[in-house]
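Only the coordinates and a few stated rules stand behind these numbers; no lab work does. Not measured: the values here are computed from a predicted model. Glycine also receives a Cβ, built like all others from the backbone with ideal geometry; neighbour counts cover every protein chain displayed.
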Amino acid sequence: MDYLKLVKNLKKDLNETNSDFKSVKFFRKNIISVWVWFSVLEQYYDNNKNNNIENIISEIPKEYASRPTIFKIIDDAVSKKYFEKKVDKNDKRKNNLLPTLQTIKEFEEWAKVLKGF
């Protein structure tokens, strides 16, 4: 593997992706946001119906962030329309977290760029 080429491509990706994909830029701002983003997308692509916020929070290592910090990231993502909250059909006390169409589309476009690495 050509590690120099990989590093250069990753640096280029950081620069270009941040201007092309607003949701990708938003979630890549710190490791906690990346964890939340990947957790929501993983459950979406896995067709997991157990995508409530509490389950997503439980996936994030506690040493990375507190619950209030995670909730703030989620609330910011919802306000920017990168995620949407939906009340669970079976348990009205729970909110499910889903990626919006914009988030899905931008993630898939970004993944195509990374595929070449």
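Would you be able to tell me the number of residues in region 1-29 that are surrounded by 13 or more Cβ atoms within 10 Å (Cβ to Cβ), without any contact (Cβ under 8 Å) to a residue 60 or more places away in the chain and not in a helix (DSSP H, G or I)?
Selection size over region 1-29: 1.
In region 45-57, how many are in a loop (DSSP other than H, G, I, E, B) and surrounded by fewer than 15 Cβ atoms within 10 Å (Cβ to Cβ)?
Residues flagged as in a loop (DSSP other than H, G, I, E, B) and surrounded by fewer than 15 Cβ atoms within 10 Å (Cβ to Cβ) within region 45-57 amount to 5.
I'm trying to understand the selection: among the residues of region 85-114, which are in a helix (DSSP H, G or I) and hydrophobic (A, V, I, L, M, F, W, C)?
Those that are in a helix (DSSP H, G or I) and hydrophobic (A, V, I, L, M, F, W, C): L101, I104, F107, W110, A111, V113, L114.
Which members of region 58-75 meet the condition of being of a type in the set (D, E) and either touching a residue at least 12 places away in the same chain (Cβ under 8 Å) or not in a helix (DSSP H, G or I) (or both)?
Listed by number, the residues that qualify are E59, E63.
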